[in-house]
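Asks: One structure coming up, written as structure tokens, with questions to follow.
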Amino acid sequence: YGAHYYRIITPKKGKKDKRYVLLGWKGNNLRTTKKVIDVIHFDQEGQPVFGDDIFKLGDETKKRIVFEFTIQASMMLRYLDKPKWIVYDHLAPPSKRDAGLFEFYGPDLSYDGLKYKKGKWILMEKIDLRNAPSPLDKEFNDPTR
């Protein structure tokens, strides 16, 4: 428990569901660091309650998601207002023999995410985060020419 939370995703106005999703950073040790996706709500006495079964990762449901990776890397974890997704770098070891040794894990240049549907955050793998084409694109020089 506990992290430096840098983003709070608030529930929709008027919804009975008053769970807040938290994105955070948590230092770990000399070799690894962690990023966290957690959820918080408040009980009838106003006390905070962390964790809830709202993260659906395939056949598995989790109370929170913790990413552990090498301290030498930076991991992107953010919320996109449009289309209301939580997106993050996919972490992987450099080779199969390093599987499970999180001090070697880092971003592999692909992205995963979560989208909200019927009270759950559902895993989306290998999503495309490139900018959509814009009519203004023609006003810029092509750097490959």
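Asks: I'm trying to understand the selection: among the residues of the stretch 93-138, which are within 17 Å of Met76 (Cβ to Cβ) and β-branched (Val, Ile, Thr)?
Replies: Ile127
Conditions (1) farther than 16 Å from Pro107 by Cβ; (2) surrounded by 13 or more Cβ atoms within 10 Å (Cβ to Cβ), marked per residue:
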site: Lys56; (1), (2): yes, yes
site: Asp59; (1), (2): yes, no
site: Phe69; (1), (2): no, yes
site: Tyr79; (1), (2): yes, yes
site: Trp85; (1), (2): yes, yes
site: Ala92; (1), (2): no, yes
site: Lys96; (1), (2): yes, no
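Asks: Now a separate question. Anything in the stretch 91-124 that is among the acidic types (Asp, Glu), under 17 Å from Lys35 (Cβ atoms) and without any contact (Cβ under 8 Å) to a residue 60 or more places away in the chain? List them, or say none.
Replies: Within the stretch 91-124, Asp108, Asp112 qualify.
Asks: Of the residues Gly113, Gly100, which single one is open to solvent by less than 30 Å² (accessible area, probe 1.4 Å) and either over 25 Å from Leu129 (Cα atoms) or at pLDDT 95 or above (or both)?
Replies: Gly113
Conditions tested, residue by residue: (1) within 26 Å of Ala132 (Cβ to Cβ); (2) at pLDDT 95 or above.
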{"residue": "Lys13", "(1), (2)": "no, no"}
{"residue": "Asn28", "(1), (2)": "no, no"}
{"residue": "Lys34", "(1), (2)": "no, yes"}
{"residue": "Asp43", "(1), (2)": "no, no"}
{"residue": "Gly46", "(1), (2)": "no, no"}
{"residue": "Lys62", "(1), (2)": "no, yes"}
{"residue": "Asp81", "(1), (2)": "yes, no"}
{"residue": "Lys84", "(1), (2)": "yes, no"}
{"residue": "Pro107", "(1), (2)": "yes, yes"}
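Asks: Does at least one position in the stretch 125-133 carry a residue that is closer than 23 Å to Asn28 by Cβ and exposed (fewer than 10 other Cβ atoms within 10 Å of the Cβ)?
Replies: Looking for residues that are closer than 23 Å to Asn28 by Cβ and exposed (fewer than 10 other Cβ atoms within 10 Å of the Cβ), one finds none in the stretch 125-133, hence no.
The values are calculated or read from the model by the stated rules, or taken from the named source; none is laboratory data. Only a predicted model underlies this, so the values are computations on that prediction, with no experimental measurement involved. Note that we place each Cβ from the backbone using ideal geometry, even for glycine, and neighbour counts take in every protein chain shown. Heads up: the accessible areas ignore ligands, DNA and RNA and are worked out on the full protein's heavy atoms, side chains in. Shrake-Rupley method; radii C 1.70, N 1.55, O 1.52, S 1.80 Å.
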